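Below is one structure, written out as structure tokens; the observations come after it.
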Amino acid sequence: MISRERAYSLVEEHLKSKNLVKHVIATEAVMRALAVRLGQDPDSWGMAGLLHDLDYEFTKERFEEHALKTVEMLADEDVSTEIKDAILAHCERKERQALIEKAIYAADPVTGFIVAAVLIRKGARLADIDVEFLLNRFKEKSFARGASREQMASCEELGLSLEEFLDVSLGAMQNISAELGL
């Protein structure tokens, strides 16, 4: 499997937006935590999270190519079909079947949702946010509109309640708060 160092060098090469780099790092952390919670391979799951938006800056104007371009970019890398399928599934380029595919679909929007929760509280850090606060914001349709509630709620396909999913996701991001600058 591709090393974390090699994968991160691809991220640095292809993603120039600092916020996008933070998003993929956060998604990696959430995916690793979900893998541990569900008894899966955290390295594979984390790699799917880290690489899932590798093509974003190339495809943001041509969203129909998103994920397809990433898989193409990874053709010469030692990346498993499982990881490539998860990358495709995160934006519905393939039907979600495997657990990793269901996990990344739910994990992708939750990172932005959690960051938005931190940013609306002046001077707040990730450590200041709790699951109750997130659940209350989840009910507010005008809050973090870009974070699909439907995708996050699909965590039930993993056998997790929304509360459990938010708890795992928040904990994962709190563990890397220094790296995220939050």
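The values are calculated or read from the model by the stated rules, or taken from the named source; none is laboratory data. These numbers were taken from a predicted model, which means no experiment stands behind them. Positions of Cβ are backbone-derived with ideal geometry, glycine not excepted, and every protein chain shown enters the neighbour counts. Side chains included, ligands, DNA and RNA excluded: accessible areas come from the protein's heavy atoms. Shrake-Rupley method; radii C 1.70, N 1.55, O 1.52, S 1.80 Å.
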**Message:** Being open to solvent by 10 Å² or more (accessible area, probe 1.4 Å) and in a helix (DSSP H, G or I) is the filter here; which residues of the stretch 79-92 pass it?
**Reply:** 81, 82, 84, 85, 88
**Fill in**
All-but-one check, residue 61 against (1) farther than 12 Å from residue 1 by Cβ; (2) of a type outside the set (A, V, I, L, M); (3) in contact with a helix residue (DSSP H, G or I) (Cβ under 6 Å, 6 or more places away or on another chain), failing number (3)
**Asked** Of all residues in the stretch 93-110, how many are more than 25 Å from residue 170 (Cβ to Cβ) and either under 15 Å from the mean Cα position of the chain (by Cα) or surrounded by 15 or more Cβ atoms within 10 Å (Cβ to Cβ) (or both)?
**Response** 2
**Item:** Answer from 6, 62 - the residue that is at pLDDT below 95 and either of a type in the set (Phe, Trp, Tyr) or farther than 29 Å from residue 167 by Cα (or both)
**Value:** 62
**Request:** List every residue pair whose Cβ atoms sit under 9 Å apart, with the two residues 6 or more apart in sequence or on different chains, where the first one lies in the stretch 1-23 and is more than 18 Å from residue 115 (Cβ to Cβ) and the second, anywhere, is hydrophobic (A, V, I, L, M, F, W, C) and modelled with pLDDT under 95.
**Result:** 14/58
**Asked** Of the residues that make up the stretch 130-140, is at least one within 18 Å of the chain's Cα centre (by Cα) and basic (Lys, Arg)?
**Response** no
**Message:** It is to be established whether one or more residues within the stretch 59-81 are under 24 Å from residue 155 (Cβ atoms) and in contact with a Pro (Cβ under 6 Å, 6 or more places away or on another chain).
**Reply:** no
**Request:** Determine if the stretch 100-109 includes at least one residue that is farther than 18 Å from residue 149 by Cβ, modelled with pLDDT of 95 or more and not hydroxyl-bearing (Ser, Thr, Tyr).
**Result:** yes
**Every pair of residues 6+ apart whose Cβ atoms lie under 6 Å, when the first sits in the stretch 156-176 and is in contact (Cβ under 8 Å) with a residue 24 or more places away in the chain and under 13 Å from residue 103 (Cα atoms) while the second is of a type in the set (D, E, K, R) and surrounded by 19 or more Cβ atoms within 10 Å (Cβ to Cβ)** = 157/102; 158/102; 168/37
**Request:** Collect the residues in the stretch 145-161 that are open to solvent by 30 Å² or more (accessible area, probe 1.4 Å) and within 17 Å of the chain's Cα centre (by Cα), keeping them in residue-number order.
**Result:** 145, 146, 148, 149, 150, 151, 153, 156, 157
**Prompt:** From the residues in the stretch 111-141 that are open to solvent by 80 Å² or more (accessible area, probe 1.4 Å) and not in a helix (DSSP H, G or I), which one is nearest to residue 21 (Cα to Cα)?
**Reply:** 125
